[in-house]
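To start, the structure under review is shown below, and the notes come after it.
The values are calculated or read from the model by the stated rules, or taken from the named source; none is laboratory data. Worth saying up front: this structure is predicted, and the values here are computed from it rather than measured. Here the Cβ is made from the backbone with ideal geometry for all residues, glycine too, and neighbour counts use every protein chain on show. Note: accessible area is taken over every heavy atom of the protein model, side chains too, but ligands, DNA and RNA are not part of it. Shrake-Rupley method; radii C 1.70, N 1.55, O 1.52, S 1.80 Å.
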Amino acid sequence: MLVRGKNYKTIWMEGNSVFMIEQNKLPFSFEISECKTYRETCIAIKNMTIRGAGAIGAAAGYAMAQAFNEAPADNRIVFSEKAKKEIEATRPTARNLFYATEKVFIKGLISSELAFEEAENIASKDITDTRAIGTFGNELIKENANILTHCNAGWLAFVDYGTALSPIYAAHDLGKKIFVYVDETRPRGQGARLTAWELNNSNISHNIIADNAAAGLMAQGKIDLVIVGADRIAANGDTANKIGTLDRAILAKYYNIPFYIAAPTSTFDIDCQSGNEIIIEERNQDEVLFQEGIDQNGIWHKIRVSSPGSSAYNPAFDVTPASLITGIITEKGIIKPSVKAIESLFNIL
Ligand code: MRU
């Protein structure tokens with residue numbers, strides 16, 4: 001994607017270092033972070049320098065390859081197994097993370113070169129998959145459509161293009177007139193900060209809305225379509241995504257608005273029978289109690305926005321049952337969220 005006229009991926013590797021756009025600083029400053037070791041890459045995943053299912057997957061794949069490269073010759077397997085566990089402990093919900101570590105680990109047992117090659121393949125496949133999601137998803141977007149999205153499932157959440165935003169980019173590139181409502185997505189504000197920044201960069205008309213505005217807009221007929229991303233999709237189509245997604249799905253059902261999930265097959269966990277088995281990450285309460293941003297002079301502040309003395313509970317994701325999902329836009333096409341459709345999706349891989 002273009003940032004100030006230059007083409008960027010969210011994450012890439014050069015030599016033994018992983019480079020990534022520092023997402024905690026966006027949209028106020030655009031910086032690139034370098035992770036020289038697998039442990040540094042782990043920290044970047046954990047502190048959300050890099051975030052979003054596909055981007056986390058690419059980072060985890062690169063971290064696994066870095067670990068093989070760092071492993072002492074006489075202790076290669078034990079070192080890499082331990083590193084794999086550390087990488088997998090960074091964030092528990094995004095399936096892409098485990099998809100990547102498993103694939104790179106298998107290749108790394110043969111050689112470090114193959115581990116790097118596999119990590120690169122995962123990152124490249126992420127780009128082609130999310131681009132294909134854009135092509136399929138564009139078919140759902142009519143001229144003058146008003147689309148609601150939640151959190152950030154744009155190119156910053158993947159290596160490029162994104163999932164929920166990829167159909168929006170495709171429709172815009174084809175000259176369709178569209179308008180996007182962007183949920184701010186408390187507590188971390190990925191919608192207000194990242195999705196809005198992405199859409200601004202691409203000159204796509206949009207408004208940021210407060211998280212609790214969606215029902216009112218739907219009641220007034222202002223939303224034609226909802227498209228969101230996914231962090232893990234179970235074998236029956238139940239989908240974990242950023243906290244607040246479930247509310248949108250319930251509302252969309254009530255107001256009879258199509259509700260689509262956009263995700264590559266690397267986000268599906270077919271060993272997970274239903275959403276009940278998905279582990280939901282709980283994050284630090286400070287994300288709810290405090291907000292960060294800049295003042296008029298560009299100075300960074302972290303301010304308390306909740307009653308001092310109160311604590312907070314901060315689950316990062318919720319699970320939307322398949323029954324509330326109209327369809328899942330994948331790189332292979334749009335499918336119904338059912339066991340049968342998901343099984344056949346994997347049979348054609
Ligand atoms: O906690 P994050 O920012 O890593 O959460 C991931 C997300 O941005 C969303 O849940 C998104 O919709 C799915 S990831 C493409």
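Things worth noting here:
- Rounded to the nearest 20, the size of the Cβ-charge dipole of the stretch 2-130 about its Cα centre is 400 debye, with Lys and Arg at +1 and Asp and Glu at -1.
- Only protein heavy atoms count here; under a 1.4 Å probe, Lys25 has an accessible surface of about 80 Å².
- Here Tyr254 and Ala73 are evaluated by their C-beta separation; at R0 = 56 Å the FRET efficiency comes out at 0.40.
- In Å², nearest 10: area of Asp295 left accessible to a 1.4 Å probe: 50
- Based on the Stokes-Einstein relation at 37 °C and a viscosity of 0.692 mPa s, and on the Kirkwood radius from alpha carbon pairs, the chain is assigned a translational diffusion coefficient of 161 µm²/s.
- Each Lys and Arg adds +1 at its Cβ and each Asp and Glu adds -1 at its Cβ; summed about the Cα centre, the stretch 140-345 shows a dipole of about 520 debye.
- Leading residue at positive end of dipole, the stretch 2-130 (Cβ point charges), from Ala60, Asn121, Phe30: Phe30
- Helical mean residue ellipticity (222 nm; -39500 (n - 2.57) per DSSP H run of 4+; nearest 500) of the chain: -11000 deg cm²/dmol
- For the stretch 140-345, the square roots a ≥ b ≥ c of the C-alpha gyration tensor eigenvalues yield an a/c of 1.5 or more together with a/b not exceeding b/c, which makes the shape oblate.
- Listed residue (Asn152, Ile204, Ala240) projecting farthest to the positive dipole end of the chain, Cβ model: Ile204
- The residues of the stretch 2-130 present an accessible area of 42 Å² per residue when probed at 1.4 Å with all protein chains retained.
- Dipole moment magnitude, nearest 20 debye, the chain about Cα centre, only Lys, Arg, Asp, Glu C-beta charged: 540
- Residue with peak Gaussian network fluctuation, the chain [Cα springs, cutoff 10 Å], from Gly298, Gly108, Gly221: Gly298
- The GluC sites (Glu not before Pro) found in the stretch 124-200 that occupy coil by DSSP, while having at most 13 further C-beta atoms within 10 Å, are Glu139, Glu143.
- Within the stretch 140-345, percent of DSSP bridges classed antiparallel, to nearest 5: 45
- Within the chain, DSSP assigns beta bridges of which about 55% are antiparallel (rounded to the nearest 5).
- Each Lys or Arg adds one and each Asp or Glu subtracts one; over the other residues with Cβ under 12 Å from the Cβ of Ala214, this totals -2.
- Centre separation in Å (Cα based) which lies between the stretch 1-62 and the stretch 171-186: 24
- Those residues of the stretch 223-264 whose amide nitrogen sits under 13 Å from the label point placed on Glu102, 7 Å along Cα→Cβ: 233-235
- Remark: spin-label model distance Lys302-Ser29 equals 1.6 nm, labels positioned 7 Å along the Cα→Cβ axis.
- Summing Lys and Arg as +1 and Asp and Glu as -1 over all other residues whose Cβ lies under 13 Å from the Cβ of Tyr255 gives a net charge of +1.
- A Gaussian network model of the chain, with springs between Cα atoms under 10 Å, assigns the largest mean-square fluctuation among Asp74, Asp173, Asp129 to Asp74.
- Cβ-derived FRET efficiency at R0 25 Å, Asn207 paired with Ile43, nearest 0.05: 0.10
- The residues neighbouring Ser17, those whose beta-carbon lies less than 11 Å from its own, together hold a net charge of -2 under the Lys/Arg +1, Asp/Glu -1 convention.
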